[in-house]
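J.: Dropping the structure in here first, questions after.
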Amino acid sequence: MENSEASINNTFSFIHTADLHLDSPFTGITKIDPKIGTKLIKSTFQAYETIIDLCIEKKVDFLLIAGDIYDSADKSLYAQLKFISGLKKLSNAGISTYIAHGNHDPLNSWSASLEWPENVFIMNGDCVNTFSHKKDQTIVTRITGISYLHQHITSNLTKNFPHKEEDDPFTIGLLHCTIGSNTGHEPYAPCTIQDLKDLKYDYLALGHIHTTSIVNDSDPVIIYPGNPQGLHPGEPGPRGCYHVTVDQNRSISTEFIETDNIRWFIEEISIEEIPTEQELLDKIIDRTESIAANTNDRLAICRYILTGRGPLHTTLAKEGVLDDIVTHLREEEISNSVWIEQLVDNSRSLIDRNMLLNRNDFTGDIVRLIDELSVHERSLESIEKSLEPLFASTRAKKVLKKIDHEELPDLINQAEDILLNKIIIEDEHEH
Amino acid sequence: MNIEMIHIDGFGQFNQMSINDLQPGLTIFKGNNEAGKSTLLSFIRCMLFNFPGAISASKFYPPLTGGNHGGRLVITTDSNERCVIERYTGKKKKNNVRVTFDNGLIGADAELSKLLNYMDIDIFNNIYAFGLDELQRFETLNNEKIRANIYSAGTGTGRVSISDVQKNLKNSVEELYKKRGRNPRINQMISSIEDMDKQISDIKNDPARYDSLHADKQVISNTINLLKDERSNIQKELNHIHDLISIWDDWKNLQDAQINLRDLPEIEDFPEKGVDILERTLEKIRDVEETILLLEEKSQNNKAQQERIIIDEELLAQRDTIMDLSNGIEKYRSEKDILPEQNQKLKDEDSIFLELLNDLGPKWDEETLNRFDRSIPAKETVIQKRKLIDEVKDQIEKLQIHLTQVNLDIKKIDDDINRINENIDSTTVTITYEEINRKLEALRNLRQKYPILIEKESELKNIQKEEAFVTAVQPAITQSIQKAPIWPAGVMFLIGIIGFIYGYYSGIILFGIVIFILLCISAVAYYVSTKQNTPISGENTNGTGISQEEPKEVRNYSNLRQQLVDEITLLKDLMLNYANLCGFDNIPEPALLEKRDMELQETAYAIKELSGLQDECNKLLKKRDELTKESEEPKKKLYSKQQSLLSIDTEWKEWLLSYNLDPTLSPESILEIFSTIRSCYEKQKTIFTLKSQINTTRSSIHTYEEKIQTLLKQCGRIPCGLSFDMDLQKMRDDVEGALNQTQQLNQLDNAYEDLIRDLHTAKNRCDNLNIELSDLLSSGHSDNEDIFRKNARIWEMRLELHNEIQNSIKHIRKVSGNGELYDNFIGDLEKANIFDLKTDEEKYKDRLEELDDELSNNLDDRGAIHNKIEQLEHHEEGSKLRMEKEIQIEQLHNRSRNWAALVIAQQILNKAIEIYEKERQPAVITEAQSFFTNFTAGRYKRIYSPLDSADIFVEDRDGKVKGIDQLSKVTKEQLYLALRFGFIRYFGKQSEAIPIVFDEILVNFDPVRSQNAGNAIRELAATNQILFFTCHPDTVKILTHASPEAQVIDLDNCYEN
């Protein structure tokens, strides 16, 4: 690192964000109406604009973006142009931006025709970069980082980062990486906390993990801001960015600021003490109203998972009932800020399975067969084989997620419900 | 249940046919064809389950040989209960059966149905009572109810159709996905996602396209720039050529001019516009010379005019006097005109004055007039007098008017009084109002008393009667009655009357009436009480009331009578008084009373009226007196005023006399005189003024005339004799003429001086002009005009050429520029050739056009690229598509899991069905299986029916499974028979064993199978009565061999019964 002319007497602030995934679609949604659809399409851009406005409002000195600005797989030109447009706004306001690209937006995935505004600094892909940020002609901080040259970077990039010297000014590391293993994420640019600590930087602005977390709260501060907008049911809860302030003593204060405009809510409702459809509707409406009261101008997408055993299961199992309930709830227009995405029926019937097992008839045979299926590997294999017409078909393979072993027991349970509902319901009716 | 007896009344060929003593177990009915086996079978069916509809005539079996259509069966139930089932056709199909039990109870369909365990007719006809025809057709076993009974007994799912469930699952699976298909939901979703992928992948090219477009745009921009440069260059060249061409004429002119200039003689300079100046100068000189001549002529004329003018000096010397007099001529003339008028006016005024004096009086003359006191105090005295007199007169008049009015009022009142007196006089009332009231009061009292009197008289009569009676019985004892004094009653009565009168006059008549009534009542009460309290007394001369003892009753009556008599007497007296008061001599009848009352009322009214009139009269008299009194004062005043007027009049007369005026004159007259006198004085004054004016006028005229005369003399003129003013006028005119001449002379003199001066000036000018001319000529390098002109022409030409050269150079410079540019341009012009230039021009023009086209195309292309770039920049379609794709993928995921669950359910169900088919066949089929195995001598070991399937499959001993269609006809019959036997066996275990009727069912069986069937029949006969119809002796043999105990009935012989 070059010797600095750093002044340690200046306060400065910045916004740290990552994983914008501009123009990436929401996943895990089964149905939407046109108005909601438009909001969903615009949601990532809306979150990005919120960050830009935040930078201007807070009069930050610069913005840090730690990768995955957009998904290069989508090859969305619109996303790139919108991103540039936001940067231009910051540039006009005198705010710099420092970017390190990630696995989804490697350097080679960006259009060559984009006109990047001034004071936008992009980390190289072939070697580590350092930019000095000046305030009133004085260097207040150095920002070191590296971009992904291409998508699959699996080496530990921190090894190439220069260590901070004693006289160096406040130093920030900007990197799109995975700390540890078994994170549930693709292990791009894997490193450890110790690797990061060894650099002796003051602040590590990371990206890649979509859930916000303060990995280390001091010496250095290591933060994943998470994505500013959750895009599927696995990303519920608040999403945002970090506003970081560094005072003249290099004390760091961080503030998480919510930027999402659409939020997922996954709610479980047990049917065990709900005897009628109307009561279930009432319960869902109550829950929805409660969610609506706390949305703060956001759109809430709610998915209700029905669980437990109850007499209502028989009704719910009928063809089209769940869809009708959802349609009815949407027509109720409980709140403009809540969209009920779907009802998932994981409930079971009240049928006494042991009693059925003891029956010496066709119904009993079915239940016993199911038990055997769940146990014997060969039976499971035969089931998988029976599913091949769809899951092994060339066309379906491209778009359909394969059924893994973990799903089979659940499917077998569903099959059991289907059969028993058909046989026993009428039988009970008969008796 | 067993049939014991069959009796056919009329059914088909049978009439009154009975078959008795049928036994349980097997009964073989043998009979030839047409013996009636089928008929008998049908009869049993009809008895148990009613006749078929008339539509199926073949089964109807109408009684062909007579008898009632129907018959009866005698049956015995499993519980040994015997009953008779009778059925005949009739009008009603329903309830045409009668079931008669042993215990006498009679039932109908319901009871029969119960006996038959509610068995369905189809089941009976197809399972229990069937022939070869039914046996050969599988559809007869395929009836829903039969099937239901056969097949669903073992699933435990009740009426749930497992095959429906299977179908349902299959449909659901196929609705979701088929390997080859477009309609199933998953197939559609996959197609939809693939389409979206195509669109998305197309959109994914956007960045590459964007970059490519930008690159293309850059290339085109470069091309455009190159083209523009080339165009610019060519344009420059073309412009240059245009310039050369445009300037070519100028260039040519330049060259020509230069040549011509060289040819002309050199003249260094020449005055500008020399010729013009020359001409002008010559012109000026000519003008000046003309002016000089003119001036000389004028001066000569002037001189001549001066000599012709002669002026009268003498007249001129008197000019002022003449003018003064002339100024006064108008006055003179007007005075002369006024004088006669003044005289006339004087005359008129004199006559008026005399008239005014006459108006005053004959003695009035001017002297008198002057002596009269017309001072203001005198006049004021007259005025005051007049005023005073007027005031007094006015007062007198007012008083007189007032008095007149009062008198009129008094007269009016007198008239009213007279009128009233007349009315009073006309009214003849001799009675007073008080008297009338008394009479009325008396009348009222009479009216009141009258009924009392009548009552009392009536009571008296009664008493008298009773007394007479009593007396007749008992001697009457007279009694003297001591009378209490009755005068207090009268006093009270009188007081009442006084009270009434008092109340009447006091205006409180009500009070009077009340007092009167109270006192009357008191009087009456007193009177009555005196009568009642009188002790019983005997004869007594002094009336002291010493009573004598009499019999009590008589005494009472007597007392009462007496009392009444006294009362009546008193009453009558009172009433008589009243009547007298009213003018009756006696007590009148009520009608008379009323009449009198009316009269009195009228009289009272008249009196009232009279009283009113008198009151009015009194009022009028009072008013009259008041008025009379009122008029006293004005009368006094009037007299006083009149006296006052007289004294004033006397004073006035005295005053008039003091002025020698007629004493009869009034102040108004005197005031008029004052006015006339004033007028006289004014006239006098006017006359005096007029006289003085006349004198003044005359004097003025005279003076004026004298002056004129003097003037004439001085001017040596003789008067014209007409008038002085005419003479004066003439002199004045002459003076004015002389003055004009003098002025004229002076003017001429002045003019002459001016002319001389101008002449001098003109001559000077002429000299100057000549000098100028000489200078001009010399400046033009000439000494005469012709040469000058010639030089001028040359100079002009030179100038023109020079200008031309300058213009050409200027034009060229305009196009080429200055300095080196000009030199280069000239160089180009010198080298150039107009034809070549034009050729080059065309060439460059063409090239420019080409370049323009190329440029336009490139610009269009660039614009198009720009639009595409813009479109790409705003292309949001990808976002929507990706979202829709994700939604589809999620839905596909859910559907695929649904599909998977259904497929697994299918698998499980199939497995369960397999198990079922292997291990859980219906009992019926299990039962049938053993029969079938027997029938086929073990060739087939298994019958089974797939779950909820109507299909039957058999498995031979080799394990080969065959469907029904794969079996031979006989084997099929055996199978069907086995199924029926299985049915019968199974249901026989659970309910009443119904009789079975077979009609020639073993006809196709081979001997072994027939034997086996016979064994099976025997087995069955153990539980069910079997009636076997056959025409084949072999069959009989087989059956009897298998069942030796079987009953055989020859149908042919049955007819005998």
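The values are calculated or read from the model by the stated rules, or taken from the named source; none is laboratory data. Remember, predicted model here, so these are calculated numbers, not experimental data. Methodologically, a virtual Cβ is constructed for each residue, glycine included, from the backbone with ideal geometry; neighbour enumeration extends over all protein chains shown. Side chains are part of the model used for accessible areas, which takes the heavy atoms of the whole protein and leaves out ligands, DNA and RNA. Shrake-Rupley method; radii C 1.70, N 1.55, O 1.52, S 1.80 Å.
J.: Which shape class applies to the stretch B:716-759: rounded if a/c is under 1.5, otherwise prolate when a/b exceeds b/c and oblate if not, where a ≥ b ≥ c are the square roots of the Cα gyration tensor eigenvalues?
T.: Judged from the Cα gyration tensor, the stretch B:716-759 comes out prolate (a/c at least 1.5, a/b above b/c).
J.: Still on this structure: Given the convex hull over the Cα atoms of the protein assembly as shown, what projected area results after averaging over all orientations, in nm²?
T.: 195.7 nm²
J.: Moving on. Return the inverse of the average 1/r over all pairs of distinct C-alpha atoms in the stretch B:609-648, which is the Kirkwood hydrodynamic radius, in Å to one decimal.
T.: 12.3 Å
J.: Using DSSP to call loops (not H, G, I, E or B), can you name the GluC sites (Glu not before Pro) in the stretch A:290-399 whose Cβ has at most 10 other Cβ atoms within 10 angstrom?
T.: Here the sparse-neighbourhood loop sites are A:Glu319, A:Glu333.
J.: A follow-up question, please. Run the simple label-point estimate for A:Glu118 and B:His760 please: 7 Å along Cα→C-beta, distance reported in nm.
T.: Label at A:Glu118, label at B:His760, 9.5 nm between them.
J.: Any idea of B:Ile310's accessible area? Nearest 10 Å², probe 1.4 Å.
T.: About 140 Å², rounded to the nearest 10.
J.: Can you list the residues in the stretch A:407-425 whose accessible area drops by at least 20 Å² when all protein chains are present, compared with the chain alone? Use a 1.4 Å probe, heavy atoms only.
T.: A:Glu407, A:Leu411, A:Gln414, A:Ala415, A:Ile418, A:Leu419, A:Lys422, A:Ile423
J.: Report Rg (one decimal) and Dmax (nearest whole number) for the stretch B:832-907, counting Cα atoms only, units Å.
T.: When restricted to Cα atoms, the stretch B:832-907 yields Rg and Dmax of 32.3, 105 Å.
J.: Helix A:408-430: angle to the longest alpha-carbon principal axis of chain A, degrees 0 to 90, nearest 10?
T.: Rounded to the nearest ten degrees, it is 30.
J.: Just check the stretch A:159-270 against the gyration tensor rule for me: Cα atoms, a ≥ b ≥ c as the square roots of the eigenvalues, rounded for a/c under 1.5, and otherwise prolate or oblate depending on whether a/b exceeds b/c.
T.: The shape class here is oblate.
J.: Output the 0 to 90 degree angle, nearest 10, between the alpha-carbon long axis of helix A:321-332 and the longest principal axis computed from the alpha carbons of chain A.
T.: 50 degrees
J.: Give me a single rounded figure for A:384-391: the average over its residues of other chain Cβ atoms within 10 Å of their Cβ.
T.: 5
J.: Also, quick follow-up: Scale the Cα Rg of the stretch A:275-431 by the rule-of-thumb value 2.2 N^0.38 Å and send over the ratio, two decimals.
T.: Expressed relative to 2.2 N^0.38 Å, the Cα Rg reads 1.28.
J.: I'd like the projected area of the stretch B:913-974, averaged over all directions, using the convex hull of its alpha carbons. Report it in nm² with one decimal.
T.: 4.0 nm²
J.: If you don't mind, there's one more thing I want to ask. First measure r as the distance between the Cβ atoms of A:Lys42 and B:Asn171, then evaluate 1/(1 + (r/R0)^6) with R0 = 51 Å and state the FRET efficiency to the nearest 0.05.
T.: The value I calculate is 0.75.
J.: From the protein chains alone at 1.4 Å, what is the descending order of accessible area for A:His101, B:His874, B:His402, largest first?
T.: Descending accessible area places them as B:His874, B:His402, A:His101.
J.: List the residues of the stretch A:356-378 that lose 50 Å² or more of accessible area once all protein chains are present, compared with their chain alone (1.4 Å probe, heavy atoms only, no ligands or nucleic acids).
T.: Residues passing the criterion (a loss of at least 50 Å², heavy atoms only) are A:Phe362, A:Asp365, A:Leu369.
J.: Moving on. Pulled fully out, how much extra length does the chain show between B:Ser246 and B:Asn695, if you take 0.36 nm times their separation in residues and subtract their Cα-Cα distance?
T.: Length gained between B:Ser246 and B:Asn695: 150.3 nm.
J.: Jot down the per residue volume, in cubic angstrom and as a whole number, of the convex hull over the alpha-carbon atoms of the stretch B:635-793.
T.: So the per-residue Cα hull volume is 427 Å³.
J.: Then there is this: Roughly how many debye, to the nearest 20, is the charge dipole of the protein assembly as shown about its Cα centre, given +1 on each Lys and Arg Cβ, -1 on each Asp and Glu Cβ, and no other charges?
T.: That gives the protein assembly as shown a dipole magnitude of about 7940 debye.
J.: Determine the residues within the stretch B:912-936 where the difference in accessible area between the chain on its own and the full set of protein chains amounts to at least 20 Å²; count protein heavy atoms only and use a 1.4 Å probe.
T.: Going by heavy-atom accessible area, the residues of the stretch B:912-936 that drop by at least 20 Å² are B:Ala912, B:Ile915, B:Arg920.
J.: Over all Cα pairs of the stretch A:3-133, how is the pair count split among 10 Å bins, expressed in % and running from 0 up to the last occupied bin?
T.: With 10 Å bins starting at 0, P(r) equals 11, 40, 32, 13, 3, 1.
J.: Can you tell me, using C-alpha contacts under 8 Å and at least 6 residues apart, the relative contact order of the stretch B:975-1057 as a whole percent?
T.: Contact order relative to length: 32 percent.
J.: When Cβ neighbours within 10 Å are restricted to other protein chains, what is their mean count per residue of peptide A:23-34?
T.: 5
J.: Putting +1 on Lys and Arg Cβ atoms and -1 on Asp and Glu Cβ atoms, find which of A:Ile262, A:Pro275, A:Pro187 reaches farthest to the positive end of the dipole of the stretch A:181-301.
T.: Toward the positive end, the furthest listed residue is A:Pro187.
J.: Then there is this: Among A:Lys89, A:Lys200, A:Lys398, whose mean-square fluctuation peaks in a Gaussian network model of chain A (Cα, cutoff 10 Å)?
T.: Between A:Lys89, A:Lys200, A:Lys398, it is A:Lys398 that shows the largest mean-square fluctuation.
J.: Right, something else. Per residue, how large is the accessible surface of the stretch B:939-1057? Use a 1.4 angstrom probe and give square angstrom.
T.: Per-residue value: 41 Å².
J.: Rounded, prolate or oblate: which fits the stretch B:243-346 when a ≥ b ≥ c are the square roots of the eigenvalues of the alpha-carbon gyration tensor, with rounded for a/c under 1.5 and prolate only if a/b beats b/c?
T.: oblate
J.: Same structure again: Could you work out the Rg to Rh ratio of chain A, with Rh taken as the Kirkwood radius (inverse of the mean 1/r over all Cα pairs)?
T.: 1.08
J.: I've got another one for you. Taking only C-alpha pairs under 8 Å that are 6+ residues apart, what is the relative contact order of chain B in percent?
T.: Here the relative contact order equals 27 percent.
J.: Which of the helices in chain B, when you take each full DSSP H run, stretch at least 24 Å along the axis at their Cα atoms and have an average Kyte-Doolittle score of -0.5 or higher?
T.: Sorted by number, the helices that extend far enough and score high enough are B:487-506, B:509-533, B:552-582, B:667-715, B:969-988.
J.: Quick one: plug the Kirkwood hydrodynamic radius of the stretch A:110-162 (C-alpha pairs) into Stokes-Einstein at 10 °C, 1.306 mPa s, and report D in µm²/s.
T.: D = 122 µm²/s.
J.: Give me the percent of accessible area attributable to carbon and sulfur for the stretch B:165-257, probe 1.4 angstrom.
T.: 44 percent
J.: Taking every eigenvalue of the Cα gyration tensor of the stretch B:669-747, multiplying by 5 and rooting it, what semi-axes result, largest first, whole Å?
T.: The equivalent ellipsoid of the stretch B:669-747 has semi-axes of 52, 15, 8 Å.
J.: I've got another one for you. Using mean Cβ contacts within 10 Å as the protection proxy, how do B:107-116, B:763-772 order, highest first?
T.: B:107-116, B:763-772
J.: Could you give the Stokes-Einstein D for chain B in µm² per second, using the C-alpha Kirkwood radius, 4 °C, 1.567 mPa s?
T.: Diffusion coefficient, whole number: 22 µm²/s.
J.: Binning at 10 Å from 0, report for the stretch B:221-263 what percent of all alpha-carbon pair distances ends up in each bin.
T.: P(r) for the stretch B:221-263, in whole percents per bin: 26, 26, 20, 15, 9, 4, 0.
J.: Give the interface area between chains A and B as buried accessible surface, both sides summed, probe 1.4 Å, in Å² to the nearest 100.
T.: Between A and B, the summed buried area is about 5300 Å².
J.: Could you give the angle, 0 to 90 degrees to the nearest 10, between helix A:362-375's Cα long axis and the longest principal axis of the Cα atoms of chain A?
T.: The answer is roughly 30 degrees.
J.: I need two numbers for the stretch A:59-150: Rg to one decimal and Dmax as a whole number, Cα atoms only, in Å.
T.: 13.2, 41
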